Amino acid sequence: MSKPEDSRSEPSADRPITLAEFQQLIRDMYLPKDVARGVDGTFMWLVEEVGELAGALRDGSHKEQQNEFADVLAWLTTIANVVGVDLTEAVQKKYGSGCPGCGQFVCRCSDSGKP
Ligand SMILES: [Zn+2]
């Protein structure tokens with residue numbers, strides 16, 4: 001017997017989580033706390049996590065690196081929730097048509113600048 005389809009897709013261990021599902025998950029778990037803390041305090045947590053990622057990249061195990069990438073993404077997502085930015089929409093608008101610099105799907109921008 002199959003489960004009735006829910007209009008909102010829930011994360012599942014059976015398949016990869018989408019960016020939209022991850023943002024909703026973070027919203028469901030933390031939004032009231034995140035809003036109470038505010039952008040400034042939350043941004044400080046993001047920066048702290050970026051520092052921990054730097055340490056893990058330098059001398060951490062693969063598992064430690066995975067954990068720190070997850071934390072950085074979670075805190076980044078939290079800030080997007082607090083200010084009302086839909087990450088899927090943001091990423092689609094900026095990168096969905098290729099490199100924002102050259103418009104190609106394999107970047108051909110000069111190496112002297114970013115990206
Ligand atoms: Zn490019």
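Every number here is computed from the coordinates shown, using simple stated rules; none is lab data. Since the model is a prediction, treat every value here as computed from it, not as a measurement. Heads up, the Cβs are rebuilt from the backbone with ideal geometry, glycines too, and the neighbour counts pull from every protein chain shown.
Points worth noting:
- Helical content alone sets the calculated 222 nm signal of the chain at -22000 deg cm²/dmol, taking -39,500 (n - 2.57) per DSSP H segment of four or more residues and averaging over every residue.
- Computed magnitude of the charge dipole of the chain (debye, nearest 20; Cβ of K, R +1, Cβ of D, E -1): 380
- Spacing of the modelled spin labels on LYS93 and ASP14, each 7 Å from Cα toward Cβ, amounts to 3.5 nm.
- Cα gyration tensor, the range 53-114 - rounded (a/c under 1.5), prolate or oblate: oblate
- Between ASP59, ASP34, ASP14, the Gaussian network model of the chain with springs among Cα atoms under 10 angstrom shows the greatest mean-square fluctuation at ASP14.
- Equivalent ellipsoid dimensions for the chain as semi-axes, Å, which come from the Cα gyration tensor, largest first: 26, 22, 17
- Net dipole in debye of the range 25-87 [+1 Lys, Arg Cβ; -1 Asp, Glu Cβ; about Cα centre; nearest 20]: 120
- For the chain, built as a Gaussian network whose Cα springs stay under 10 Å, the top-fluctuating residue of ARG27, ARG15, ARG58: ARG15
- Selected from SER97, GLY55, GLN66, residue furthest toward positive end of dipole (the chain; charges at beta carbon): SER97
- Build a GNM of the chain with springs between Cα atoms under 10 Å apart, and of ILE17, ILE26, ILE79 the one that fluctuates most is ILE17.
- Pairs of alpha carbons in the range 41-82 whose separation is greater than 15 Å (percent): 36
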